[in-house]
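The values are calculated or read from the model by the stated rules, or taken from the named source; none is laboratory data. Given the structure is predicted, the values throughout are model-derived calculations rather than measurements. Here the Cβ positions follow ideal geometry from the backbone for every residue, glycine too, while neighbour counts run over all protein chains shown. Only protein heavy atoms, including side chains, enter the accessible area calculation; ligands, DNA and RNA are left aside. Shrake-Rupley method; radii C 1.70, N 1.55, O 1.52, S 1.80 Å.
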Amino acid sequence: MKAIVYTSNTGTTREYAELLGHHTGLPVYSLKEAKDMISNGVEIIYLGWIMASKVQGYDKASKQYKVKAVCGVCMGATGSQIKEIRAKNHISEKTAVFSMQGGFDISKLHGIYKMMMTIMIKTAGKGLAEKTDRTPDEDVMLDMMLHGANHVGGENLKNVLDWYNSEIDKA
Ligand SMILES: Cc1cc2nc3c(=O)[nH]c(=O)nc-3n(C[C@H](O)[C@H](O)[C@H](O)COP(=O)(O)O)c2cc1C
């Protein structure tokens, strides 16, 4: 693995990329920066924020680099949505897939993304608020929608770090 490459909109994916860089010692680049910093075809770990199960920037990254692991940063719980992420992004079984809970801050959104999430809060948020048997994960999600939150934390990188260390041992 030569680098960590990421696409972030409001900053939480960048925070995870930097944390992962800190723990692995790998250099960290945004997908834009990576163009000038690493050669095509090198092995990378890719992180992108999730929009409707699509890992933003993954299509482009997978054409340029050998993506060994994909990390989707989302509002959902860490470790959730793995099957959907793999299917929706056509990620082969050879590539590891992880998800990490990021954050939500409507004040950092603009244009179409702000409109989409305003509607989402009114529909999905209202549905969750009215639900009487919310799971703990749904409580967290509702709180994020209503008040905003940042759940970035090193503990959410455990699975990806375990995978990384096992890859290093194999090499
Ligand atoms: C337009 C839009 C759509 C989103 N769709 C999803 C989604 O389908 N599932 C999910 O868990 N989170 C979804 N999110 C939440 C983001 O993935 C989450 O806020 C993430 O932490 C953003 O990463 P960033 O700070 O790097 O931009 C969506 C956010 C936006 C703005």
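Structure values in brief
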item: Residue 19, sole failed condition from (1) within 13 Å of the ligand (Cβ to nearest atom); (2) surrounded by 19 or more Cβ atoms within 10 Å (Cβ to Cβ); (3) outside any helix (DSSP H, G or I); result: (3)
item: Single match in 50, 4, 45, 91 (criterion: crowded, with 22+ Cβ neighbours inside 10 Å, closer than 17 Å to residue 159 by Cβ and more than 14 Å from the ligand (Cβ to nearest atom)); result: 45
item: Failed item, numbered, when residue 79 is tested on (1) open to solvent by 20 Å² or more (accessible area, probe 1.4 Å); (2) in contact with a Gly (Cβ under 8 Å, 6 or more places away or on another chain); (3) in contact (Cβ under 8 Å) with a residue 40 or more places away in the chain; result: (2)
item: Residue 39 surrounded by 15 or more Cβ atoms within 10 Å (Cβ to Cβ) and away from the ligand (no atom under 16 Å from the Cβ); result: no
item: Residue 142 being crowded, with 16+ Cβ neighbours inside 10 Å and part of a helix (DSSP H, G or I); result: yes
item: Test: residue in region 58-72 that is within 10 Å of the ligand (Cβ to nearest atom) and touching a helix residue (DSSP H, G or I) at 6+ places or on another chain (Cβ under 6 Å); result: yes
item: Residue ranges of helices (runs of 4 or more DSSP H) in region 30-136 with at least 2 members of a type outside the set (Val, Ile, Thr) and not assigned by TED's automatic domain parsing to the domain that holds residue 11; result: 111-120, 126-130
